[in-house]
Amino acid sequence: MPYNELADFVTLMGGKPYRARQIAEWIFQRGECQFARMTNLSRQFRESLDQQASITCIQEKKRQVSVDGTIKFLFALPDGMEVESVLITEGKRRTLCVSTQVGCKLACAFCLTGASGFTRNLNAAEIVDQVIRARQLSPDGRVTNLVLMGMGEPLDNLDNVIQAIKVIIDQEYQLVGARKITVSTAGLAPGIERLGLELPKVKLAVSLNAGDDITRERIMPITKKYPLAALAKKLEVYPLPQGRRITLEYVILKGVNDSKKDAEALSRFAKKFPSKINLIPFNQTAGIPFARPTKEDVGRFKEWLVEKNHTVMIRDSKGADIMAACGQLAVEGGTDS
Ligand code: SAH
């Protein structure tokens, strides 16, 4: 819960207001999972907390470290279900990629998470606790940036995602600032509107992957429900802070969405609102029938967009050797390659 609710709760239990700060420190800074060990609280107060409340803690099951320093965690949720989170180091930045669902309903053709189907939503505490655990397990104890780009579709679990982000950005907890958080969606139009209303400072990324409905439907079935025109409509009115742009993610699949015509369709879509484009060369995984583009393919595609005056970045996905790159996160810890 956000700090003001925690403070109300503590008051309701007859505790002095400063007790809330102590409890917050135990949970969010020290990662404590048991009231019984909060030794600066009276035994009686700890016991009543234990009766009235619970702390959700996820457990590290496995850790893999990539040659590039990326760390992939396998976490067990309280009911034994598992999700993966990935910690990426780039200079001083420590970006944590968190999961929002066990599996995913959207079944994008190129994504391993989608291939495993949907099991359940994560609750807010399970999302927040990925940040707390990852920070404890981070080599230098830091998580500076957060991306909701792990397993699952954040906007398909929006109540819990919004609740989790409100806790994460709460000043009193000092986890991650709103401007350092990116929510990535496959394009669930109604959710985009609500996200903008409730969390305007959080950054928005949309996995576009094709600029025309026919190509997009083939690789992202959600397009049938929310065609590109419906998506564009929400993005055009999205309440962007001054100077901010919406990121369009575009996974390049060789021979599928990498022609000049595809670049032109992407450009037309991207011109409808302030945007920047993030190209992601497809990451190969067993059983997913697409091919990775060559460096030349990616360079050519980028040039077509640059010629049309777009800001274009090529995402250098990290951790592919430990199956931690975009699209490689799977239920049950993935293949142990
Ligand atoms: N469901 C959300 C959050 C997941 S983000 C969304 O779709 O945005 C995961 C990102 O990885 C998305 O941009 C997706 O398009 C991309 N991705 C999925 N599979 C991939 C693969 N095999 N190679 C490269 N990128 C992939």
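Which value, in debye to the nearest 20, gives the size of the charge dipole of the chain about its Cα centre, when Lys and Arg are +1 and Asp and Glu are -1 at the Cβ? The partial results should precede the final answer.
On the way: 47 positive and 38 negative charges, 175 e Å.
With only Lys, Arg, Asp and Glu charged at Cβ, the dipole is about 840 debye.
Using a cut-off of 15 Å between beta-carbons, work out the net charge of the residues near residue 4 (Lys and Arg +1, Asp and Glu -1, residue 4 not included). Walk me through the numbers before you get to the answer.
Numbers: positive: 19, 21, 166; negative: 5, 8, 170, 172.
That works out to -1.
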Which ³J(HN,Hα) values in Hz, rounded to whole numbers, follow from the phi angles of segment 166-183 under the Karplus curve 6.51 cos²θ - 1.76 cosθ + 1.60, where θ = phi - 60° and Gly and Pro get x? 4, 6, 4, 8, 4, 3, 5, 8, 6, 8, 9, x, 4, 6, 9, 10, 10, 9
Need one number: nm distance between label points at residue 42 and residue 236, each 7 Å from Cα along Cα→Cβ, rounded to one decimal. 6.3 nm
Using alpha-carbon pairs under 8 Å, 6+ residues apart, how would you state the relative contact order of the chain in percent? 16 percent
Quick one: if you stick a label point 7 Å off each Cα along the C-beta vector at residue 50 and residue 201, how many nm between them? 3.7 nm
Have a look at the DSSP beta bridges in the chain and tell me what percent are antiparallel, nearest 5. 45 percent
Extension gain residue 291-residue 171, at 0.36 nm per residue separation less the Cα-Cα distance, in nm? 38.8 nm
Whole-Å distance linking the alpha carbon centroid of segment 217-240 with that of segment 1-58 is 43 Å
Roughly how many debye, to the nearest 20, is the charge dipole of segment 196-337 about its Cα centre, given +1 on each Lys and Arg Cβ, -1 on each Asp and Glu Cβ, and no other charges? 600 debye
Area accessible to solvent at residue 296, 1.4 Å probe radius, in Å²: 130 Å²
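Per-residue ellipticity at 222 nm for the chain, helices alone: DSSP H runs ≥ 4 residues times -39500 (n - 2.57), over residue total, nearest 500 deg cm²/dmol?
Working: 12 runs with 110 residues, N = 337.
Calculated mean residue ellipticity at 222 nm is -9500 deg cm²/dmol.
What does the charge add up to near residue 247, with Lys and Arg as +1, Asp and Glu as -1, over the other residues with Cβ less than 11 Å from its Cβ? Provide the component values of the computation, followed by the final result.
On the way: positive: 203, 244, 245, 276, 315; negative: 249.
Local net charge: +4.
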Under 14 Å Cα to Cα from residue 308, which aspartates and glutamates show up? Leave out anything in the same chain fewer than 8 places away. 262, 264
Net charge dipole size for segment 3-52 [Lys, Arg +1 and Asp, Glu -1 on Cβ; Debye, nearest 20]: 220 debye
Any residue on another chain or 5+ positions along whose placed amide H is under 5 Å from the amide H of residue 118 is listed here as 104
Sequence-distant or interchain residues sharing an amide H contact under 5 Å with residue 248, placed H: which? 206, 276, 277, 278
For the chain, cysteines with no other Cys Cβ under 4.7 Å from their own Cβ are listed as 97, 104, 326
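Over 25 Å between C-alpha atoms is what I'm after, so list which of 201/302; 201/271; 203/271; 105/271; 203/260; 72/224 land there.
Working: 201/302 29 Å; 201/271 22 Å; 203/271 18 Å; 105/271 29 Å; 203/260 29 Å; 72/224 33 Å.
Correct reply: 201/302; 105/271; 203/260; 72/224.
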Report, as a whole number in µm² per second, the diffusion coefficient that Stokes-Einstein gives for segment 51-191 at 37 °C and 0.692 mPa s using the Kirkwood radius over alpha carbon pairs. 214 µm²/s
Projected label distance in nm at residue 136 and residue 315, using a 7 Å step from Cα toward the beta-carbon: 2.9 nm
Could you run the Karplus curve 6.51 cos²θ - 1.76 cosθ + 1.60 with θ = phi - 60° over segment 137-148 and give me ³J(HN,Hα) per residue in whole Hz, x for Gly and Pro? 8, 5, x, 10, x, 10, 10, 9, 9, 9, 10, 8
Base-10 log of normalised Debye intensity for the chain (one unit scatterer per alpha-carbon) at q = 0.14 Å⁻¹: -1.11
If you count only protein heavy atoms and use a 1.4 Å probe, how large is the accessible surface of residue 104, to the nearest 10 Å²? 20 Å²
Per residue, the convex hull enclosing the Cα atoms of segment 3-52 spans a volume in Å³ of 70 Å³
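Considering only protein heavy atoms, what per residue accessible area in square angstrom results for the chain with a 1.4 angstrom probe? Provide the component values of the computation, followed by the final result.
Working: 15470 Å² over 337 residues.
Counting only protein heavy atoms, the per-residue value for the chain is 46 Å².
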Rounded Å value of the spacing that divides the Cα centres of segment 60-104 and segment 119-187: 12 Å
Would you mind checking segment 259-280 for residues with the amide N under 13 Å from a putative spin-label position 7 Å along Cα→C-beta of residue 303? 260
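The values are calculated or read from the model by the stated rules, or taken from the named source; none is laboratory data. The model shown is predicted, which means the values in this text are computed figures rather than measured ones. Here Cβ is always computed from backbone atoms with ideal geometry, including for glycine, and neighbour counts include all displayed protein chains. Only protein heavy atoms, including side chains, enter the accessible area calculation; ligands, DNA and RNA are left aside. Shrake-Rupley method; radii C 1.70, N 1.55, O 1.52, S 1.80 Å.
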